[in-house]
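Any read-out appearing in this document is the output of simple, stated calculations on the displayed coordinates, not a laboratory observation. Computed from a predicted structure; not experimentally measured. Here the Cβ positions follow ideal geometry from the backbone for every residue, glycine too, while neighbour counts run over all protein chains shown.
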Amino acid sequence: MPPAYSDLVALPDPANAAGVDSAKQKTMLSLLGNPRSPLPQDCGLEPSNPLIKSLIVKAHVGPFTARGLAPAVESLTAVMADIKSAHPDLHDRLGNMGMLCVRHVRGNPQAISNHSWGTAIDLTIDGKLDARGDGRVQHGLTLLAPIFNRRKWFWGAAFGTEDGMHFEASDGLVREWAAAGHFGEVATLAAPKPVVLGVGDRGPAVIALQDKLNKAGQPLLRDGIFGRDTEAAVMRFQAASDLVVDGVVGPATLAKLA
């Protein structure tokens, strides 16, 4: 008998399709700006950024109503239609714990949660929320993830601290929205760009970076979070490698690490 949708199962490997990456802080800040300053630790305050405020909408997306950034809500509606077609029973069991939530990433005050821009959502199945950080996920989420991936949404199960309930618009998708003019007259990041990692980023790319730094003799906790410790390790490596010491991992630093 197959597991029930809310039953816990092993985390699939890989959690996301190739090329579907979490949206980087540099991407979000350069295209949309800081949602609010100072940023609170918990939800409750609205974005104060005029551009973001103008783009927030509320709509019925299928099994529930969501409030977030307009292109994200539109894309989420398409995702839910795909889910209804592939798994109608699971579709009807879905709920959510919110989309727009202006705050830091939990446990990481140096990073802005993508909920702050209204481009992420936390899902429930049969009213149950998948526990964060236990290394297991609800069976239904493993069925949803490939569908989200096809629409270029990233699954948070791949974060250093597993977050299986969490789905967010990928870096590439946010750049596509910018290129399509959703954010007005701004310099877009839609064209392919060199990989750049910095403080506030998290996920598989950061884990890979931390592995490389450890191999290069820069002892570092492998937690998938680009915090101040990772920044310091990058700066030490850059100094030892005669690179510009800026704590940002661009093409030159990646080449040396490789």
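Which of rounded, prolate, oblate describes region 44-158, given a ≥ b ≥ c as roots of the alpha-carbon gyration tensor eigenvalues and a/c under 1.5 marking rounded, otherwise prolate only if a/b is larger than b/c?
Values: a/c = 1.96, a/b = 1.28, b/c = 1.53.
It is oblate, given that a/c is not under 1.5 and a/b is not larger than b/c.
Using +1 on the beta carbon of Lys and Arg, -1 on that of Asp and Glu, and nothing else charged, what's the dipole of the chain about the Cα centre, debye to 20?
Using only the charged Cβ atoms, the result is roughly 360 debye.
Please give every one of the lysines within straight-line cross-link reach of Lys26, meaning a C-alpha to C-alpha distance under 20 Å, and leave out same-chain neighbours fewer than 8 residues apart.
Cα-Cα hits under 20 Å: Lys53, Lys152, Lys193.
Hey, what did region 57-205 get for relative contact order, percent, Cα under 8 Å, at least 6 apart? Each step should come with its number before you reach the end.
Numbers: 240 pairs, mean separation 26.7, N = 149.
Reported as a whole number, the value is 18 percent.
Given contacts defined as C-alpha pairs under 8 Å and at least six residues apart, what's the relative contact order of the chain, whole-number percent?
Details: 487 pairs, mean separation 52.2, N = 258.
Contact order relative to length: 20 percent.
Which value at 222 nm does the chain reach when only helices count, each DSSP H run of 4 or more adding -39,500 (n - 2.57), with the total divided by all residues and rounded to the nearest 500 deg cm²/dmol? Don't skip to the answer; put the middle values down first.
Values: 9 runs with 89 residues, N = 258.
Calculated from helices alone, the mean residue ellipticity at 222 nm is -10000 deg cm²/dmol.
What distance in nm lies between label points placed 7 Å from Cα along the C-beta direction at Asp134 and Arg150?
About 3.0 nm, to one decimal.
Put +1 on the Cβ of every Lys and Arg and -1 on every Asp and Glu Cβ in the chain; which of Ala17, Met235, His91 then has its Cα farthest towards the positive end of the dipole?
So the residue furthest toward the plus end is Met235.
Can you tell me how much longer the chain between Glu46 and Lys215 gets when fully stretched, taken as 0.36 nm per residue apart minus their C-alpha distance, in nm with one decimal?
Working: separation 169, 0.36 × 169 = 60.84 nm, distance 4.28 nm.
56.6 nm is the gain from fully extending Glu46 to Lys215.
Mean separation of Cα pairs under 8 Å and 6+ residues apart, divided by the residue count of region 193-257: what relative contact order is that in percent? Don't skip to the end; give the middle numbers.
Values: 84 pairs, mean separation 24.8, N = 65.
Relative contact order of region 193-257: 38 percent.
How would you rank 216-229, 32-45, 148-161, highest first, on the average number of other Cβ atoms within 10 Å across their residues? Each step should come with its number before you reach the end.
Numbers: 216-229: 17.0, 32-45: 14.4, 148-161: 22.4.
Top to bottom by mean Cβ count within 10 Å: 148-161, 216-229, 32-45.
Straight-line reach from Lys128: which aspartates and glutamates fall under 20 Å, measuring Cα to Cα and dropping same-chain residues less than 8 apart?
Qualifying aspartates and glutamates at Cα under 20 Å: Asp7, Asp89, Asp92, Glu162, Asp163, Glu168.
Within straight cross-link reach of Lys215, meaning Cα distance under 19 Å, which aspartates and glutamates are found once same-chain residues fewer than 8 apart are removed?
Answer for Lys215, where 19 Å is the Cα cut-off: Asp223, Asp229, Glu231, Asp242, listed by chain and number.
Starting from 0.36 nm per residue, how many nanometres of slack lie between Asp89 and Ala70 once their C-alpha separation is accounted for? It would help to have the intermediate numbers written out before the result.
Working: separation 19, 0.36 × 19 = 6.84 nm, distance 2.70 nm.
Separation in residues times 0.36 nm, less the Cα-Cα distance, equals 4.1 nm.
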